[in-house]
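A.B. asks: Have a look at this one.
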Amino acid sequence: MNLKVLYRQYLSISPLDFADFAEKNRIRNYYMSWVALFLAFLTIIPFIFFSISNFNENIMQIIFFLICIIILIFSIIISALVKNVPREKAYIFKNIPVYFVFTWGMGASVFNFYLQKNSFIGVLTFFNAVLILLCVFYVLLPPFIILVFAGICGMIPGIYKNFDLLGTLYFSFISFLLIVLSVFLRYRDKNFIMALKRQKKNLEIKTFGNFTPLYNKKAIKFSRSKSNELLAYLVYKDGSSVNTKELITVLFGERADSSRYGANLRVLIADLKHTFSQLEIQNFFIAEYNNFRINPEVVKCDYYDFLAGDLQAVKAFSGEFMNQYSWAEEKAAFLERKILK
């Protein structure tokens, strides 16, 4: 069995299966970039102030900080722009800002190592960038290995010059362990996705007619009626992230006050989490940083089958879609027009 076959069997994740991980990467990168941007400004302003007397000597550090700020601003903008890309393209587009920043991290390590002649900070920056990516994000294995390998090749000559043979061996061994760790994490994610696909056989949502969530062919019952509507709206959004303000408007009306109804929404979210936890339903309802969504890849849904062009789902649609909710009427009309076309 060759390496290509082994990779497909144990490590390969399809673009659609990775779409949910890509959305998590996008959200985490967005907020981490804001934090990093704030810290960068917090550092560069006093640094420039205290460097006025010897500005020319510190020009490279100032340029480095300015480039870092520009990179983070671009990362935030790109993360916001790719929020609603189709799921089949999320695998690529939602990971662009993550690897954009990571590539800069690799470049920063080389900058510190060679241009600043600070070998220790250069090595530290390199390993910090790799560890943050592995611990916080879900990595795309081929580009991750390529970027890490490029960073290793760029730093090995300087490592040998500054730390001799033993230091080079240590650096190479730790880098190898990090690559092995990335392969293990990818293997874990692959197994997790396979488990979710098995779960999909038992989790079903019917949207034609009344909205009805089912598990093991039994209706899922929540302790609060609004919880059902909350779930229905997230299903309606087809995996896109929805923020707190939008949910409050949909559930409680356009004039609903966020400060007043925010507590109500938190109760509904807790109800969803508790119910799904009791049923041992994993990775379906996802809450991150006041953004909420469902994972379409772990549920069987007539609406999603319809959008995918499934003939049985198309025949099953009779013009009714989530009848309980007025905000779904426009979608029912859209589905009817789709049939006519």
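The values are calculated or read from the model by the stated rules, or taken from the named source; none is laboratory data. Small disclaimer: the values here were computed from a predicted structure and weren't measured. Please note: Cβ atoms are built from the backbone with ideal geometry, for glycine as well, and neighbour counts cover all protein chains shown. We work out accessible area using only protein heavy atoms, side chains counted, and drop any ligands, DNA or RNA first. Shrake-Rupley method; radii C 1.70, N 1.55, O 1.52, S 1.80 Å.
A.B. asks: If you check ILE27 against the conditions, is it among the β-branched types (Val, Ile, Thr), open to solvent by less than 70 Å² (accessible area, probe 1.4 Å) and in contact with a strand residue (DSSP E or B) (Cβ under 7 Å, 6 or more places away or on another chain)?
C.D. replies: Details: among the β-branched types (Val, Ile, Thr): yes; open to solvent by less than 70 Å² (accessible area, probe 1.4 Å): yes; in contact with a strand residue (DSSP E or B) (Cβ under 7 Å, 6 or more places away or on another chain): yes.
Yes: the conditions hold for ILE27.
A.B. asks: Would you call ILE121 closer than 24 Å to ALA36 by Cβ, modelled with pLDDT under 85 and β-branched (Val, Ile, Thr)? Can you show your working first?
C.D. replies: Details: closer than 24 Å to ALA36 by Cβ: yes; modelled with pLDDT under 85: yes; β-branched (Val, Ile, Thr): yes.
Criteria met by ILE121.
A.B. asks: Taking interchain pairs and intrachain pairs at least six residues apart, which have beta carbon atoms under 8 angstrom, with the first residue in the stretch 74-97 and touching a residue at least 40 places away in the same chain (Cβ under 8 Å) and the second in a helix (DSSP H, G or I) and of a type in the set (Asp, Glu)?
C.D. replies: That search, which allows pairs on different chains as well, returns ALA90/GLU23; LYS94/GLU23.
Rundown of residues vs (1) open to solvent by less than 30 Å² (accessible area, probe 1.4 Å); (2) modelled with pLDDT of 85 or more; (3) over 22 Å from the mean Cα position of the chain (by Cα), yes/no style:
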{"position": "TYR99", "(1), (2), (3)": "yes, yes, no"}
{"position": "ASN128", "(1), (2), (3)": "no, yes, no"}
{"position": "TYR160", "(1), (2), (3)": "no, yes, yes"}
{"position": "ARG186", "(1), (2), (3)": "yes, yes, no"}
{"position": "ILE193", "(1), (2), (3)": "yes, no, no"}
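A.B. asks: Exactly one condition in (1) modelled with pLDDT of 90 or more; (2) surrounded by 15 or more Cβ atoms within 10 Å (Cβ to Cβ); (3) assigned to a helix (DSSP H, G or I) is not met by PHE176; state its number.
C.D. replies: Answer for PHE176: the failing condition is (2).
A.B. asks: Within the stretch 290-304, identify whether any single residue is touching a helix residue (DSSP H, G or I) at 6+ places or on another chain (Cβ under 7 Å), open to solvent by 90 Å² or more (accessible area, probe 1.4 Å), under 30 Å from ALA195 (Cα atoms) and without any contact (Cβ under 8 Å) to a residue 60 or more places away in the chain, and answer yes or no.
C.D. replies: yes
A.B. asks: Return the residue satisfying two criteria in turn: it lies in the stretch 101-118 and is open to solvent by 60 Å² or more (accessible area, probe 1.4 Å) and in a helix (DSSP H, G or I), and of such residues it is modelled with the lowest pLDDT. Give the steps one after another, and end with the answer.
C.D. replies: So the first thing to find is which residues in the stretch 101-118 are open to solvent by 60 Å² or more (accessible area, probe 1.4 Å), and the list is 103, 114-115, 117-118.
When the remaining residues are screened for being in a helix (DSSP H, G or I), the result is 103, 114-115.
Numbers: THR103: 86, TYR114: 81, LEU115: 75.
Among them, the one singled out is LEU115.
A.B. asks: In the stretch 144-158, which residues are open to solvent by 50 Å² or more (accessible area, probe 1.4 Å) and touching a residue at least 40 places away in the same chain (Cβ under 8 Å)?
C.D. replies: Of everything in the stretch 144-158, just one residue is open to solvent by 50 Å² or more (accessible area, probe 1.4 Å) and touching a residue at least 40 places away in the same chain (Cβ under 8 Å), namely ALA150.
A.B. asks: Right, here's the next one. Counting only residues that are within 23 Å of the chain's Cα centre (by Cα) and at negative phi, give me the strands (runs of 3 or more DSSP E) lying completely in the stretch 197-309 with at least 2 of them. Reasoning before the result, please.
C.D. replies: Working: elements: 203-206, 212-215, 285-288, 291-294.
Hits in the stretch 197-309: 285-288, 291-294.
A.B. asks: Got a number for residues in the stretch 266-317 being closer than 20 Å to ALA219 by Cβ and either hydroxyl-bearing (Ser, Thr, Tyr) or touching a His at 6+ places or on another chain (Cβ under 8 Å) (or both)?
C.D. replies: Residues flagged as closer than 20 Å to ALA219 by Cβ and either hydroxyl-bearing (Ser, Thr, Tyr) or touching a His at 6+ places or on another chain (Cβ under 8 Å) (or both) within the stretch 266-317 amount to 4.
A.B. asks: Please go through the stretch 219-243 and give me each residue that is under 28 Å from LEU16 (Cα atoms) and either open to solvent by 30 Å² or more (accessible area, probe 1.4 Å) or out of contact with any helix residue (DSSP H, G or I) (no Cβ under 9 Å at 6 or more places or on another chain) (or both), ordered by number. If you could, list the steps in order and put the result at the bottom.
C.D. replies: As a first pass, look at the stretch 219-243 and keep what is under 28 Å from LEU16 (Cα atoms): 219-220, 227-243.
Scanning the stretch 219-243 gives ALA219, ASN228, TYR236, LYS237, ASP238, SER240, ASN243.
A.B. asks: Report, by residue number, each residue of the stretch 80-97 that is part of a helix (DSSP H, G or I), open to solvent by less than 30 Å² (accessible area, probe 1.4 Å) and of a type in the set (A, V, I, L, M, F, W, C).
C.D. replies: Result: ALA90, single match.
A.B. asks: Filter the stretch 310-341 down to the residues that are open to solvent by less than 30 Å² (accessible area, probe 1.4 Å), assigned to a loop (DSSP other than H, G, I, E, B) and free of Cβ contacts under 8 Å to residues at least 40 places away in the same chain and list them by number.
C.D. replies: Selection gives GLY319 alone.
A.B. asks: Still on this structure, I have one more. Scan the stretch 132-156 for residues that are outside any helix (DSSP H, G or I) and not hydrophobic (A, V, I, L, M, F, W, C) and jot them down.
C.D. replies: Going residue by residue through the stretch 132-156, those that are outside any helix (DSSP H, G or I) are 137-140.
Answer for the stretch 132-156, where residues must be outside any helix (DSSP H, G or I) and not hydrophobic (A, V, I, L, M, F, W, C): just TYR138.
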